[in-house]
Structures are given as C-alpha cells and as structure tokens.
Amino acid sequence: MKRMNIKCPYCGSQALLRPASVVYGSKAADPAAPYYVCARFPGCDSYVAAHRDTRSPMGSLADSGLRRKRAEAHRAFGRLWADGLMTRKQAYRWLQAKLGLPEQETHIGKFSTFRCEQVIQLCGEFLIRDGKPAQRYISYRRKEARL
C-alpha cells in the first residue's frame, strides 16, 4: 500500500494514520477505524477518516468548526434522498450541476466552510418552497428521465 503524504492545512504538520481511538478514546464506535490525524493533535484538532481498505482519506483534514459545518451540510443534503425526493445518484448530479463541479470534486468531505454553506442553502431552497417541496424538483426529474 502506497504511503500517503498528507499535510495539515492549519499548521503544516504531517498527518499520521492512527486508529479512531486516538481521536475518540473509549467513545470510539470502532476503535480500530483508520483516521489521518495531525501530528500536533490534540493541540491542532484536525483529522479525517480514511477508507479501511485503501487507507486513502475520505476528504481533507478538518478542524472542529469545519467538521461541524460538514456534518450540517451532510444532513441537509441527505434529506434530498432520505425524503424520497431523488435517488442518491440524482442528488449528487443535482449538486454537481448547482456547484459547477466535476464528479470527483463533489464530496462534502472535501468542502470548505463556504462550500458547505452553499450546500446547506441550495438544499434548503430546494426542499422548502411555501412549506412544500420545490416545483423545480418535478422539472428536474423530467429532465433526468430524458437523459
């Protein structure tokens, strides 16, 4: 497996592959789950989960503020398919189009605070229009069906 050279965007230190127990202690749901953690942790509170099989990061290292914002964006975005408005694939295509991003860059785990705020706003505008799902969804689904 290729060694990853990941630097902390906050302090410039090397990020080290560590088990979740380093970050969460005894509260870790899966203590062995891999995480990239800033070498200065906990002084520098940045980390990101890694894929168990490839050990590649699931996004970019984030401090507590950015992790909270990403969680908020995930909740807002997840409602698009959890509420049955779109499939997960359709939701990601919709988000790509709205943000003007290619598929490989459309991952909330890679987003900045600004980009997360855009996701939250876009999803909110889509989901709520006079207390009902937006009509734009209906036309988007018809357009999707023609593709």
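Read the figures in this text as sums done on the coordinates, not as results from a lab. Please read these numbers as outputs of a predicted model, since none were measured by experiment. Every residue, glycine among them, receives a Cβ derived from its backbone with ideal geometry; neighbour counts consider all protein chains shown.
For the reader, a short list of remarks on this structure follows.
- Sites LYS27 and ARG75 - FRET efficiency at Förster radius 25 Å, r taken between beta-carbons, to 0.05: 0.75
- Taking the number of Cβ atoms within 10 Å of each Cβ as an exposure proxy, the fewest-first ranking of PHE126, PHE41 is PHE41, PHE126.
- Phi to ³J(HN,Hα) by Karplus 6.51 cos²θ - 1.76 cosθ + 1.60 over segment 39-54, Hz, x for Gly, Pro: 4, 8, 4, x, x, 9, 8, 10, 6, 8, 5, 10, 5, 4, 7, 9
- Summing charges over neighbours of GLY78, with a neighbour being any other residue whose Cβ is under 14 Å away from its Cβ, gives +3 when K and R count +1 and D and E count -1.
- About its Cα centre, the dipole of segment 1-113 is roughly 80 debye, where the only charges are +1 on Lys and Arg Cβ and -1 on Asp and Glu Cβ.
- With Cα atoms, 0 to 90° folded angle of helix 88-99 axis to the chain main axis: 90 degrees
- Exposure proxy ranking, count of Cβ atoms within 10 Å, fewest first, for TRP94, TRP81: TRP81, TRP94
- Farthest positive-ward along the chain dipole, Cα basis, beta-carbon charges - from ILE6, LEU99, PHE41: LEU99
- Greater than 24 Å apart at Cα, pairs in LYS27/LYS69; LYS7/LYS27; LYS7/LYS98; LYS27/LYS89: LYS7/LYS27; LYS7/LYS98; LYS27/LYS89
- The residues ASP53, ASP63, when put in order of fewest to most other Cβ atoms within 10 Å, stand as ASP53, ASP63.
- When shorter helices are ignored and each DSSP H run of at least 4 residues is given -39500 (n - 2.57), the per-residue value for the chain at 222 nm works out to -13000 deg cm²/dmol.
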